[in-house]
Amino acid sequence: MKINYLLEKIYSFPRLSRVLLLISIDIFIIYLSVFITFNFDLNNSNLIKWLFLSISIFSILTNFFSGFYLNITRFIGSQTYYKFAKINLIVIFFIYLCGEFLNFKLPSIFSFLKLYIISTSLIFFIRIFIRDLVMKYSKNKNINNSIGIYGAGAAGTQLLASLKLSRLNIVAFFDDNPKLWGTKINEVKIYPPHQIYKFKDSLKQILLAIPSIKISRKRTIIKMLQNLELPILDMPSIDEITKGKTKIDALRPIPIEELLGREVIEAQSDLMKLAIKNKTILITGAGGSIGSELCRQVIQHKPKKIVILEISEENLYKINEELFQINIDKIKIISILGSSSNFKLVSKTIKDNNIDIIFHAAAYKHVPIVELNPIEGIKNNIFSTVAVCEASVENHIEKLILISTDKSVRPTNIMGASKRVAELVVQAYAEKESYKFKKDSNYKETLFSMVRFGNVLGSSGSVVLKFKEQIKSGGPITLTDSNIIRYFMTMKEAAQLVIQSSVLSKGGDIFLLDMGNPVKIYDLAKQMVNLSGLSIKNKNNIQGDIEIISTGLRPGEKLYEELLIDAEAEKTDHPLIFRAKENFIIMDEIIPKLKDLKRNIDERNKDQTLKILNELVKEWDNQNNMN
């Protein structure tokens, strides 16, 4: 296109050449304005020449030194025009005063006002015309496709303005408000949501501009949009924009986390403060997924001190650096490299730092890895818990909270069985502490409790992260069974609920977190493909982008998970936290078993180790592992 080529040619000029071009245009406009003001009357040629020369010189010099010509034309806003209008008024009024002072023959003040209005209007018009011409015909190196915006409120309007500066082709708005249907925003028409299907073949992308909408409504909208099989991008939240964390046009893919589970309920600030404020907190496994999120949440609620224990040097470094970045209250942070299975290290850490509360998050949690390395998995998950519990009792801390898993309920794998034994250990210590307190009311009892919950979104090994990588590499997506279902919760909410549950502890509690509705993993995979703007490849759509393949259940994997073994859940003061009491093994009975288990682990006797594990967790069927 010739106009396009011409504009590109002009934009290839040096900056000074483009400024001179704009000055030339302005000089012509001033000349034209003077002629129009005097109705093209050539009898006033001397006056016209004088006014033209004087206004041109003063106006160009004033505009140049005020920075008017430094503005990039296609990004000029109303503030720049207001500034120019003031400057132009001053220049013409100054010329009028000079003429009066020099006793020149001058037209009326009305003519000068007319000249001001004409020259200012023409310069405005030419600038806007150039801006719109550039935006319409310039090449867009990023996107040449038609875009629809869902949401015609204030956010959508601001988004439209930002995107037009980026030369994107916005063809339609869609909004739930019937009062807006048929109206326009900056020449872009607003349509009802059900008409979006009429644009299916012309639209190449949908942008969501509904940052303050409820997540439940957002899910409904996205579910409808997914049927179009178009890429869907979301704008940041109002909170992120107002805090300056990002810009309104910083568009991003829809996080799958926002579409899973229930409406997130904010943490009860009074419970969070009661649990953490002025307490010295120890977090084991602090560099892991849950451990690191516990660190982030704890440090925000002004503990006296936070002590982080982590066996991985890399993970300890990462969480330590992150905590220092967000430590606005200058909370003292102690980072300790080591294993929570090391009783002497844990005990000394508790004693040296006067620990009040421990969140024990250290564990091996990946089912396939623990299945392949059963001895190390059992040793770490069980005997780190023994060491932390024993050190807690020895130093009389206030509370210990074990981070457990739904896989400990009627486990079908070694990881789940080992975590169930960790629960039994905590229950045994809780019962013994309660017994001591009953005998001696002056005894400083340590309250032991545990929290069970399911899959945490974004954690290491998360199926969501796995699917993202597989989609990025072009597929296929692999899942073990098309009927498998799981519960999901965000890391932030899980960590907050764990902290709040510590306030509710009475000793020996098993806290269960409300995980919302279960999600079919196959449906999750399809949803993630659609959110990426791709289609499922199957026998009905052989030209699709991403194939989903079932590989069969892995050893020890369940189709679904549970949270209770043999108890009924009771409500607590928190709507998403429930309490249960389950059968357990008393200390005198579990200790001999643990000693026998430890001896066989040290001897690397896999068969005997698994046999003892099965004796401790009778509901675990380990027949697939006895080989």
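Yes or no: the stretch 45-63 includes at least one residue that is in a loop (DSSP other than H, G, I, E, B), farther than 16 Å from ILE126 by Cβ and either assigned by TED's automatic domain parsing to the domain that holds SER108 or at pLDDT below 75 (or both). Within the stretch 45-63 (the criterion being in a loop (DSSP other than H, G, I, E, B), farther than 16 Å from ILE126 by Cβ and either assigned by TED's automatic domain parsing to the domain that holds SER108 or at pLDDT below 75 (or both)), the answer is no, since none of the residues qualifies. Taking each residue of the stretch 16-39 that is without any contact (Cβ under 8 Å) to a residue 12 or more places away in the chain and farther than 23 Å from SER108 by Cα and looking for partners that are in a helix (DSSP H, G or I) and aromatic (Phe, Trp, Tyr) with beta-carbon atoms closer than 8 Å, six or more apart or interchain, yields ARG18/TYR11.
Within the stretch 564-575, residues that are assigned by TED's automatic domain parsing to the domain that holds ASP406 sit with their Cβ atoms under 8 Å from residues that are modelled with pLDDT under 55, at 6+ positions apart or across chains, in these pairs: ALA569/LEU563.
Against the conditions (1) outside any helix (DSSP H, G or I); (2) under 23 Å from VAL503 (Cβ atoms), where does GLU293 fall short? Just the number, please. If we test GLU293 against (1) outside any helix (DSSP H, G or I); (2) under 23 Å from VAL503 (Cβ atoms), just (1) comes out false. In the stretch 184-221, which residues are in contact (Cβ under 8 Å) with a residue 12 or more places away in the chain, over 20 Å from the mean Cα position of the chain (by Cα) and either exposed (fewer than 12 other Cβ atoms within 10 Å of the Cβ) or not in a strand (DSSP E or B) (or both)? Scanning the stretch 184-221 gives ASN186, PRO192, PRO193, GLN195, ILE196, TYR197, PHE199, LYS200, SER202.
The criterion of being part of a helix (DSSP H, G or I) and in the same structural domain as ILE485 (by TED's automatic domain parsing) does not hold for LEU282.
Results for (1) outside any helix (DSSP H, G or I); (2) modelled with pLDDT of 80 or more; (3) within 26 Å of ILE25 (Cα to Cα), shown as yes or no for each residue.
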{"position": "ILE90", "(1), (2), (3)": "no, yes, yes"}
{"position": "ILE117", "(1), (2), (3)": "no, yes, yes"}
{"position": "LEU122", "(1), (2), (3)": "no, yes, yes"}
{"position": "ILE128", "(1), (2), (3)": "no, no, yes"}
{"position": "ARG131", "(1), (2), (3)": "no, no, yes"}
{"position": "LYS136", "(1), (2), (3)": "no, no, yes"}
{"position": "ILE147", "(1), (2), (3)": "yes, yes, no"}
{"position": "THR157", "(1), (2), (3)": "no, yes, no"}
{"position": "ALA161", "(1), (2), (3)": "no, no, no"}
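Every condition in (1) modelled with pLDDT of 80 or more; (2) over 20 Å from SER482 (Cα atoms) holds for GLU547 except the one numbered (2).
The condition of being among the β-branched types (Val, Ile, Thr), closer than 29 Å to ALA417 by Cβ and without any contact (Cβ under 8 Å) to a residue 60 or more places away in the chain holds for only one of ILE311, ILE328, ILE378, that being ILE311. Of the residues contained in the stretch 321-332, none is found to be within 23 Å of GLY377 (Cβ to Cβ), assigned by TED's automatic domain parsing to the domain that holds ALA422 and surrounded by 16 or more Cβ atoms within 10 Å (Cβ to Cβ). Against the condition at pLDDT below 85, outside any helix (DSSP H, G or I) and not assigned by TED's automatic domain parsing to the domain that holds PHE52, how does LEU228 come out, does it pass? Yes: the conditions hold for LEU228. Scanning the stretch 318-356 for residues that are assigned to a loop (DSSP other than H, G, I, E, B), out of contact with any Ser or Thr (no Cβ under 6 Å at 6 or more places or on another chain) and among the charged types (D, E, K, R) returns ASP329, LYS330. If you filter the stretch 92-111 down to residues that are out of contact with any Leu (no Cβ under 9 Å at 6 or more places or on another chain) and small (Gly, Ala, Ser), you find that the one that is modelled with the highest pLDDT is SER111. Selection of the stretch 550-573 for residues being surrounded by 13 or more Cβ atoms within 10 Å (Cβ to Cβ), modelled with pLDDT of 65 or more and either touching a strand residue (DSSP E or B) at 6+ places or on another chain (Cβ under 9 Å) or among the charged types (D, E, K, R) (or both) yields SER550, ALA569, THR572.
From the list LEU32, LEU7, exactly one residue is assigned to a helix (DSSP H, G or I), at pLDDT below 70 and surrounded by 13 or more Cβ atoms within 10 Å (Cβ to Cβ). Which is it?
Exactly one of LEU32, LEU7 is assigned to a helix (DSSP H, G or I), at pLDDT below 70 and surrounded by 13 or more Cβ atoms within 10 Å (Cβ to Cβ), namely LEU7.
For GLU371, indicate whether it is under 19 Å from CYS295 (Cα atoms) and among the acidic types (Asp, Glu). So GLU371 does not fit the description; no. Do you know which residues across the stretch 170-183 are of a type in the set (D, E, K, R) and either in contact (Cβ under 8 Å) with a residue 60 or more places away in the chain or assigned to a helix (DSSP H, G or I) (or both)? Matches in the stretch 170-183: LYS179 only. Among the residues examined, SER335 does not qualify as crowded, with 23+ Cβ neighbours inside 10 Å, farther than 19 Å from VAL503 by Cβ, in contact (Cβ under 8 Å) with a residue 24 or more places away in the chain and among the polar types (S, T, N, Q). Considering (1) surrounded by fewer than 12 Cβ atoms within 10 Å (Cβ to Cβ); (2) modelled with pLDDT under 65, the lone condition that PHE13 does not fulfil carries the number (1).
The combined condition, being at pLDDT below 75, not assigned by TED's automatic domain parsing to the domain that holds ILE536 and not hydrophobic (A, V, I, L, M, F, W, C), is fulfilled by GLU240.
The values are calculated or read from the model by the stated rules, or taken from the named source; none is laboratory data. This is a predicted model, so every value here is computed, not measured. For neighbour counting, all protein chains shown are included, and Cβ atoms are generated from backbone atoms with ideal geometry for every residue, glycine included.
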